[in-house]
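Undergrad: Next up is a structure, given as structure tokens.
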Amino acid sequence: MARAVLLVMDSLGVGAAPDAAGFGDAGADTLGHIADYCARPLEQGGRGRALEVPVLRDLGLAEAAALARGGALAGIASNPAPNAVWGCAREQSTGKDTVSGHWELCGLPVDFDWGYFSEPCDSLPASLVRDIAAAAGCEDVLGNCHASGTEIIRRLGAAHFASGWPIVYTSADSVVQIAAHEKCFGLERLYALCEATRGLVDEYRIGRVIARPFVGCHAGEFQRTANRRDWATPPTGPTLLDAIREHGGSVVGVGKIGDIFAMQGIDRRVKASGLQGLMDATRDELASLPDGGLVFTNLVDFDQEYGHRRDVAGYAAELEGFDAILGGFIESLADDDLLLLTADHGNDPTFRGSDHTREYVPVLAWSRSLPARAIGIRDGMADVGQSIARWFGIPPLQKGEAFI
């Protein structure tokens, strides 16, 4: 079997999708607005230096973005002859969350409605809050609202120390997040609480429960750690990952991939953190698959550290850092390896709020044995999984149209 790498540039949308207004996201454009910021002069509130991503540009990222958003990226010259298969795709799933995006990339669009806790305050029902508190062995919880993870530990970290109660919060996504101090509350205790909460929220059709451990001793010093864990609803049907394993290949999930798929269709989960750490793990795991298979990696920091925090300067710097790593990674690939880069949704760091945005995602496929060409706007992200299935020579998935 062949080998392939699927890199999800978490949240790197390239322009508002046709249904963005229905999600409150009309005008969102993650990459476009980052490029605008970088190209804008300092005296006008910009960076005064264009976004520099030459490797991604050579792969067709700028052309894919121009196709999606209907105009060129500021400060990035057009590349009329990218060296990869390039285009963009719109999401068909009903949600703009991480789970929906990843499942659809693997041939399983989410055609049902997730449950949401939509009220900004007192978000979770009182009965559910009582059950979570009881599972924690506490009188109550803190938070129970929509919040950014960094903001809520800054605001409630001291109260968590004083009371010992976990911090529970949600967002526009189908998610319950629980923050607690690694030492004072206990990391394993937090994991056990999240696992119990996973069972409690099943009746509400919640996509994920996320443990958000943090450290620090005083207000203003609290910082989240790399020991995040997700408890996702298992895929509701077979995916590309199952198909690869059924036909003799291996699947390695790097970063939070194993959590997103509840380990369904995944042989091995490899934890890593930071852009360099995730890319190093991806390279090492690919080398461990001499008989073929897929290394599937989520580059979470674009979303977690910069999109949700509305840090446009940090997002730009992270993109440039990724581009610098990507060139060497591509050089390390064998002639018949496939690299496919995409995203799972948008998270425009210039947009209101702190939630994901409904956008087109880029689709860039590269191999020394793959002729470069444009593939236009794909009517579904499942085309990514279908194309990888064809690359491996396994039977077609139920959804999607291959472009390679």
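Undergrad: Please enumerate the residues belonging to segment 206-222 that are in a loop (DSSP other than H, G, I, E, B) and at pLDDT 95 or above.
TA: So the first thing to find is which residues in segment 206-222 are in a loop (DSSP other than H, G, I, E, B), and the list is 206-207, 216-222.
Scanning segment 206-222 gives a single hit, ILE206.
Undergrad: Turning to a different aspect of this structure: Looking only at segment 255-276, decide whether some residue is under 15 Å from the mean Cα position of the chain (by Cα) and assigned to a strand (DSSP E or B).
TA: no
Undergrad: Identify all residues within segment 307-325 that are surrounded by fewer than 23 Cβ atoms within 10 Å (Cβ to Cβ) and not aliphatic (A, V, I, L, M); write none if there are none.
TA: HIS308, ARG309, ARG310, ASP311, GLY314, GLU318, GLU320, GLY321, ASP323
Undergrad: Ok, one more. Taking segment 228-250 on its own, how many of its residues are in contact with a Leu (Cβ under 7 Å, 6 or more places away or on another chain), buried (at least 24 other Cβ atoms within 10 Å of the Cβ) and not in a loop (DSSP other than H, G, I, E, B)?
TA: 2
Undergrad: Please find, within segment 143-164, the residue that is nearest to the chain's Cα centre (by Cα) out of those that are crowded, with 22+ Cβ neighbours inside 10 Å and over 17 Å from HIS218 (Cβ atoms).
TA: Top of the filtered list is ALA147.
Undergrad: Kindly establish whether ASP303 is within 30 Å of PRO396 (Cβ to Cβ), touching a residue at least 24 places away in the same chain (Cβ under 8 Å) and either outside the structural domain of LEU340 (by TED's automatic domain parsing) or not basic (Lys, Arg) (or both).
TA: Working: within 30 Å of PRO396 (Cβ to Cβ): no; touching a residue at least 24 places away in the same chain (Cβ under 8 Å): yes; either outside the structural domain of LEU340 (by TED's automatic domain parsing) or not basic (Lys, Arg) (or both): yes.
When the stated conditions are applied, ASP303 does not pass them.
Undergrad: Out of (1) out of contact with any Phe, Trp or Tyr (no Cβ under 6 Å at 6 or more places or on another chain); (2) farther than 21 Å from ILE375 by Cβ; (3) aliphatic (A, V, I, L, M), the odd one out for ILE34 is which?
TA: It fails just one condition, (1).
Undergrad: Determine, yes or no, whether ALA365 is surrounded by 20 or more Cβ atoms within 10 Å (Cβ to Cβ) and either polar (S, T, N, Q) or in the same structural domain as VAL295 (by TED's automatic domain parsing) (or both).
TA: Details: surrounded by 20 or more Cβ atoms within 10 Å (Cβ to Cβ): yes; either polar (S, T, N, Q) or in the same structural domain as VAL295 (by TED's automatic domain parsing) (or both): yes.
Answer is yes for this residue.
Undergrad: Based on what the data block shows, is GLY107 out of contact with any helix residue (DSSP H, G or I) (no Cβ under 6 Å at 6 or more places or on another chain) and surrounded by 21 or more Cβ atoms within 10 Å (Cβ to Cβ)?
TA: Working: out of contact with any helix residue (DSSP H, G or I) (no Cβ under 6 Å at 6 or more places or on another chain): no; surrounded by 21 or more Cβ atoms within 10 Å (Cβ to Cβ): yes.
Judged against the criteria, GLY107 is not a match.
Undergrad: While we're on this one: Write out, first by first residue and then by second, each pair whose Cβ atoms fall under 6 Å of each other, whose residues are 6+ apart or on separate chains, and whose first residue, in segment 96-111, is polar (S, T, N, Q) while the second is surrounded by 24 or more Cβ atoms within 10 Å (Cβ to Cβ) and modelled with pLDDT under 95.
TA: none
Undergrad: Take segment 13-32 and flag every residue that is surrounded by fewer than 24 Cβ atoms within 10 Å (Cβ to Cβ) and at negative phi.
TA: Filtering segment 13-32 down to residues surrounded by fewer than 24 Cβ atoms within 10 Å (Cβ to Cβ) leaves 18-24, 26-27.
Scanning segment 13-32 gives PRO18, ASP19, ALA20, ALA21, GLY22, PHE23, ALA26.
Undergrad: Of the residues GLY328, GLY346, which is in the same structural domain as LEU108 (by TED's automatic domain parsing) and surrounded by fewer than 16 Cβ atoms within 10 Å (Cβ to Cβ)?
TA: GLY328 is the lone residue from the list that is in the same structural domain as LEU108 (by TED's automatic domain parsing) and surrounded by fewer than 16 Cβ atoms within 10 Å (Cβ to Cβ).
Undergrad: Continuing with the same structure: Is it true that some residue in segment 141-153 is in the same structural domain as HIS218 (by TED's automatic domain parsing), aliphatic (A, V, I, L, M) and assigned to a strand (DSSP E or B)?
TA: At the first step, the residues of segment 141-153 found to be in the same structural domain as HIS218 (by TED's automatic domain parsing) are 141-153.
From the residues that got through so far, the ones that are aliphatic (A, V, I, L, M) too are 141-142, 147, 152-153.
The next check asks that each one be assigned to a strand (DSSP E or B); those that pass are 142.
There is at least one residue in segment 141-153 that is in the same structural domain as HIS218 (by TED's automatic domain parsing), aliphatic (A, V, I, L, M) and assigned to a strand (DSSP E or B).
Undergrad: Among the candidates GLY87, GLY137, GLY107, single out the residue that is modelled with pLDDT of 95 or more, among the small types (Gly, Ala, Ser) and not assigned by TED's automatic domain parsing to the domain that holds TYR360.
TA: Working: GLY87 fails: not assigned by TED's automatic domain parsing to the domain that holds TYR360; GLY107 fails: not assigned by TED's automatic domain parsing to the domain that holds TYR360.
It is GLY137.
Undergrad: Sticking with this one: Checking GLU285 against (1) acidic (Asp, Glu); (2) in a helix (DSSP H, G or I); (3) at pLDDT 95 or above; (4) closer than 26 Å to ASP173 by Cα: exactly one of these is not met. Which one?
TA: (4)
The values are calculated or read from the model by the stated rules, or taken from the named source; none is laboratory data. Computed from a prediction, not measured in an experiment: that's the story for all the values here. Positions of Cβ are backbone-derived with ideal geometry, glycine not excepted, and every protein chain shown enters the neighbour counts.
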